[in-house]
Each structure stands twice: as C-alpha cells, then as structure tokens.
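This report concerns only the one structure given below.
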Amino acid sequence: MIGGERRGPVWRRSADGRLKPAQEADIADIWAEQKRIQLKEAIDDQKRRALKKQRRKERGLFGLKRPAVQTQAAPGQHEIEIRLSLPKLRLARHVIGWLRRVMAAMKNNRPVVFVALVVAVLLIGVVGLKMLGKDGGRRADSGKHLGKTSVLGTNQSEKPDYDTVLPLGKTIDQLGGWGRVSPPDRDPVFAYSDTLGGVHIVVSEQPLPSDFASDIPGKLASVAKQFSASKKLSNTDGSAVYVGTAANGSQSVVASKKGLLILIRSSGVLANELWADYIYALE
C-alpha cells in the first residue's frame, strides 16, 4: 500500500523462462541471465569474424576477381555453382588483351617479326657508329690543340696594337693566342695563358698608365696594395716584383717591364724564385 493505492507484485522472467515475482529472484537467476547475454554476444562476434574472413577470401589478391568455383555434385545431391562477382579492373583487362593480341600477331607473322628485328638492329648499329664518329672527331680536334691553352672567357678576335713581352723561347701561338680581358670602353688589356712549375697562370699586359711616369715604383706599389700583393721581391735587373697569396691558395703578382704593367694570376702557390725568374725572362 503506497499513497493509499495497492499495487500488484512485480514480475520478472527467470533464466528457465518462467515468470517469478521480483522479490523471489535469486542470485542464481541473475548469473544465469548474465551468462545467456555473454553467450549471445560471443556467438554474434564469431559470426562477424567469419563473415569478414569470407569477404577477404572473395576479394582475393589485390582485389582481383576470383574465377567461378564449381563443385561436382555427389549422386543424389544437387550441383552447386558459386560465382563471385567483384568490380573488374578494366585497365588490367585491356592491357592483358592487348598483350595477347600482340603475341598472337607475332606468332602468326614470324617472318615479319624477324625482318623488324633485323631492321632495328641495323638502325641501332648505324646510330652507334655515327655517335662514335662524332666523338672521334671531337677527340681529334682536341688533339690538335694539345699544348695550347687559351684565355677562357675573353675576346680573341683582337690583338694588342702595342709592344708586348713573352716568355723567352715561346711564341704567342704556342701560348694559345692573345685574349682581350678589358671592356670595349676601357683601355685595351690583353692576356695569355701559360704554365709555370706545373701551375696554370694567366698573364695580362697593358701600357703603363700616363700617371705612372712621375713615380713608377710608388705607383706600382700602390697597385700591388690593391691586389693584396704585399710580398716584395727584388729582381736581378733591379725591378720590383710584388706577390700576394689568397686564402684559397691562388696568387697575384704585380710587376713592370719595358713600359708595361704586368699582372699575373696563378691557380696555386709558387716559390718566390720562380716568380722572379719568370718576370726576368719576359722579352
């Protein structure tokens, strides 16, 4: 009796399916109900796994369609035919079909295939011979210039119109020719390439500027300072030679001879005696 009203008993279904008053439910029934729910969940989970496994088998390798599987029916039983239908790979099918057609054509036209192969081999041979010929021509042209090293990146269409000096016993042709290294709107400066002590050098020559006339030694020292050539060498003829060495091992040489301002750039370090002898031998 609650609030003047009388309610009937509350019923619940036990594990064996019978209805009982709620107050009569015991621990055994509650555990039985829990076991039933767990068993049902386990069966459902097993079904889901089996279905996923079956779908993986149906897809096959890389999703390719598996061929239809036929089973031979036993006497008295119906024949069962299983056909798996999956999305087709159209590109793979077309490629395979094209390859089959090509192979069939080659099989049916063996003489044509043989002739095509012979022509291909001949064409490859002709192209190879032409390439070898061009390479041989380039090597022959390069061989003609052995011993000559020109000043790269210079204008070699001009020649100096003033008197110049060269190493004793060498001609300008042996040195690769003159090359202008000054812009067209500036006073002409020409250079040549040479080798000293196994090191490549570039020697540029230009007439002494007009303002050198009053003090050649002082002006020469000033130019040497601009090129960081701080080492002063005394040549046997009394002229001064300035040498500077950069951090990368290249050297700059500043000198003057026979009315010319001579600037030399080397790709490596040379002994001071070699520099002095080279300047002295310029005639």
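The values are calculated or read from the model by the stated rules, or taken from the named source; none is laboratory data. Owing to the predicted nature of the structure, the values given are computational and were not obtained by experimental measurement. Note that each Cβ is placed from the backbone with ideal geometry, even for glycine, and that neighbours are counted across all protein chains shown.
Only one residue in Ile264, Ile279 is within 46 Å of the chain's Cα centre (by Cα) and surrounded by 15 or more Cβ atoms within 10 Å (Cβ to Cβ), so which one is that?
Values: Ile279 fails: within 46 Å of the chain's Cα centre (by Cα).
Matching residue, one of Ile264, Ile279: Ile264.
If Phe227 meets every condition in (1) surrounded by fewer than 14 Cβ atoms within 10 Å (Cβ to Cβ); (2) within 22 Å of Trp275 (Cβ to Cβ) apart from one, which number is that one?
Condition not satisfied by Phe227: (1).
Identify all residues within segment 204-247 that are within 52 Å of the chain's Cα centre (by Cα), touching a residue at least 12 places away in the same chain (Cβ under 8 Å) and in a helix (DSSP H, G or I); write none if there are none.
Leu220, Ala221, Val223, Ala224
Answer yes or no as to whether Ile201 is assigned to a loop (DSSP other than H, G, I, E, B) and in contact with a Lys or Arg (Cβ under 9 Å, 6 or more places away or on another chain).
no
Residue check, His145 against (1) buried (at least 16 other Cβ atoms within 10 Å of the Cβ); (2) modelled with pLDDT under 95, all met but one. Which one?
(1)
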